[in-house]
Every structure is written in structure tokens, then in C-alpha cells.
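Read-outs throughout are calculated quantities, based only on the coordinates presented, and are distinct from any laboratory measurement. Please read these numbers as outputs of a predicted model, since none were measured by experiment. As a convention, Cβ positions derive from the backbone with ideal geometry for all residues, glycine included, and neighbour counts pool all protein chains shown.
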Amino acid sequence: MSIGNDRNEEIRILKDGHPFFEMRHALKSFTKDKNWTSLLKASQNMMTIYPEVEFGWYSYALSLLMLSEYESAKISFKKAIYLNSDSIDSYFHLGVTNYHLGEYDKAIINYSKALIKGMNNHLVYYNLGNAHYKSRNTDDAINFYLECLSICPSFKDASNSLLEIYFDNADYFNSDESTISIINDKRLLDYLITQAQILSKKENNPSNSDLRKAIRLLNSAIYIDDRHVVAYYERANVKALLGDSKGHSHDKAMAFQLDTFNREGDYFFAYSPSLIKKDARSN
């Protein structure tokens, strides 16, 4: 339990005359003003007088984090969590500290704890995306960036991170303002599928790298809408081009299952004519 978060406990502490409320107000003011040096000193004073209060330790750890004292910050965030196991901000900022130390798996754990305990804003999803990307969990990173944008469509850092994953800063697509506005648009599904088609249907046979980028785009489209028939059709097409016959068959079956009107496959082959030859060879 955090004594600083319990009004009855605050009153109990105050009976010996220590100015708890004034000190807490000062810590919040320094944090709001991003005056990290003053926050460091003020939080040390609070920890001396109220060592059992989580808020002093959290503020001290936050100042250390912002002053790039990551190892010391990590220890103090853990102390704050020990005093208050429900301290959402402590879990989140411990995750930030882990990230700066290159401890990406630990960052994922602490961001996830903050999420489970009630932190549901775009920043926690964005930071989860970053940590997963650094851990080479590309699909998870994409999904968390998309969750971030679903909450805050104008958050450009997440848009830029997606573009970096999708296109690897390729010359044929520029990460400019118009691109950002498109990826934040409600037409994101169509955008993802269209870009996948551009990659997979280049006039000069697409490279495996292009095809893998197309797969990532279509994975994201299906993550957004797992009943999007065209996305499954297109992904089946790309998997066939990559020689993934099992994946091709799976996505083809999913498309047929969702599109009962065209269950026999006429639409599928009309939509992806290049697969006719592939299927003929497999028989």
C-alpha cells in the first residue's frame, strides 16, 4: 500500500508536524515544469522524512531517469513498486528505464504490467511497440503501433515507426507529411492492401524482400480486420510467389470461407491470375 495515496494515512503522518502536503505539491510542480534537478533534491528531502511513502521514491527515480542515471533510477522505481505494487506510473517508467538500458524483454514486462493495471493510453502501446521492435518481434511491434494509432491517430512517432518497418525507408515511398496523413486516415485498410499490391506486382519481378514487406502490410490489414476477404486473397497470392504452399492454401481457404458467394474460387483467380499457373504446377 502507498501511504501517499491514502488520505487517512497522510493525516496520521501529519500529526507530528511534517509538511507532507506541501512537499508533495512541490514534487508535482517540479515534475510539471520538468525541473529535474529541483525534483531530485526535493524528493530526497521527502524520502528522508517519509521513507515509507512511495511517491517520494517514484519522484526521485523519475528525476534520475530524466537525468540519464538509469541504473540508479531502476533501483528507486523498484523501491517505489515495493511500497506500492499498484503504482502504474512506476511500472511504466521502470519500463522506460529498462529500454534505455537495452533490457528490452524487461521493458516489455513492465509496460505490460502498467497496461494490465489500467494504463490505457497511446504512449504505453507505442512504447510496447518500440520494445518489441528492438526484440525483433516485428509482428507484435506493428500491432502495438496500430493500437497506439487507434487511440491517437495524429501520433506521428507511431506512424513513422510503421513506415520504417513497412518500407525500410525505401526510395519508392517517402515518409513525408502526406504519407503520415494517409496512414492515420480511416482508409488505412485500403492503404495497406494497395501498397502490398504495388510491392507484389512490380513489372520487373518483385524481390523476396519486396514480397516480405507486402506480407507485413497484409498481416497488419488482417490484424485490423480479420474478416477482410481481399486481404486474405492478396496474402495468399504473395505467399504463393514466395513458395509458401501451406500458407497459400491456408489463406485461400480463409478467403473462401469468408466469401461464400465465390466459394468455388472464380473471384480468387480473377483477382490473382498469377496463381493459376502456381496451382497448376502443384497438381
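Counting Lys and Arg as +1 and Asp and Glu as -1 over every other residue whose Cβ lies under 11 Å from the Cβ of residue 162, the net charge comes to 0. Derived scalar couplings between HN and Hα for the stretch 67-74 equal 9, 6, 9, 5, 5, 5, 4, 4 Hz in order, rounded to whole Hz, by the Karplus curve 6.51 cos²θ - 1.76 cosθ + 1.60 (θ = phi - 60°), x for Gly and Pro. Each residue of the stretch 114-131 is assigned a 3J(HN,Hα), and the resulting list reads 4, 5, 4, 7, x, 7, 10, 10, 5, 5, 5, 5, 4, 5, 4, x, 4, 5 Hz, derived from the Karplus form 6.51 cos²θ - 1.76 cosθ + 1.60 (θ = phi - 60°), x at Gly and Pro. Each residue, residue 207 and residue 105, gets one label point 7 Å from its Cα in the Cβ direction; the gap between the two is 3.3 nm. On full extension, the segment bounded by residue 28 and residue 225 gains 66.7 nm, given 0.36 nm per residue less the C-alpha separation. When each of 242, 149 is scored by the number of other beta-carbon atoms lying within 10 Å, the sequence from fewest to most is 242, 149. Of 134/246; 134/252; 202/252, which ones are farther than 25 Å apart at the Cα? From the list (134/246; 134/252; 202/252), the Cα-Cα distance tops 25 Å for 134/246; 134/252.
Extension gain, residue 88-residue 249: 0.36 nm per intervening residue step, less the Cα-Cα distance, totals 53.5 nm. Annotation: extensible slack from residue 160 through residue 72 equals 28.5 nm (criterion: 0.36 nm per residue apart, minus Cα-Cα distance).
Say the cut-off is 20 Å between C-alpha atoms; which of 78/117; 74/113; 106/156; 79/106; 78/106 go over it? Flagged as over cut-off: 106/156. With both labels modelled 7 Å from their Cα along Cα-to-Cβ, the residue 48 to residue 190 distance reads 6.5 nm. Sorted largest first, the spans of the alpha carbon positions of the stretch 55-107 along the three principal axes are 26, 22, 13 Å. The string of couplings for the stretch 140-157 from the Karplus curve (6.51, -1.76, 1.60, θ = phi - 60°) is 5, 4, 4, 4, 5, 4, 5, 4, 4, 5, 5, 8, 9, x, 8, 7, 5, 4 Hz, one whole number per residue in order, with x for Gly and Pro.
Among 74-86, 109-121, 227-239, the peptide with the highest mean count of other Cβ atoms within 10 Å heads the list, and the full ranking is 227-239, 74-86, 109-121. The spread of Cα positions in the stretch 74-174, taken along each principal axis and listed from longest to shortest, comes to 53, 26, 18 Å.
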